[in-house]
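Colleague: Below is the structure I would like to discuss, written out as structure tokens.
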Amino acid sequence: MYVKIIEMISRRLTKIQKAEILEAYRAGDNSNHLAEKYSCTTNTIIRTVKNLLSDGEYKQLKEKNY
């Protein structure tokens, strides 16, 4: 378990992965599913999506995805 946490912390998402995450989030995937798929935390997914969207679009998608 400890090794997995260290691995997740040191891993960076590529620009392509960030674009895939944004596309999947827009399509309705939730942050928990995307975190598992990309081997990162849900906070990383949320932070990534928030950085790529306007506040208004993020809030709309967040409501849709819950």
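The numbers here are math on the coordinates, done by the rules we state, and not lab data. As the structure is a computational prediction, the values presented were derived from the model and not from experiment. Note: ideal-geometry Cβ built from the backbone for every residue, glycine included; neighbour counts use all protein chains shown.
Colleague: Just give me the residues in the range 15-28 being surrounded by 15 or more Cβ atoms within 10 Å (Cβ to Cβ) and either touching a Gly at 6+ places or on another chain (Cβ under 6 Å) or among the β-branched types (Val, Ile, Thr) (or both), in sequence order.
Modeller: Of everything in the range 15-28, just one residue is surrounded by 15 or more Cβ atoms within 10 Å (Cβ to Cβ) and either touching a Gly at 6+ places or on another chain (Cβ under 6 Å) or among the β-branched types (Val, Ile, Thr) (or both), namely ILE21.
Colleague: Of all residues in the range 29-66, how many are of a type in the set (Ser, Thr, Tyr), loosely packed, with under 12 Cβ neighbours inside 10 Å and in a helix (DSSP H, G or I)?
Modeller: Matching residues across the range 29-66 total 0.
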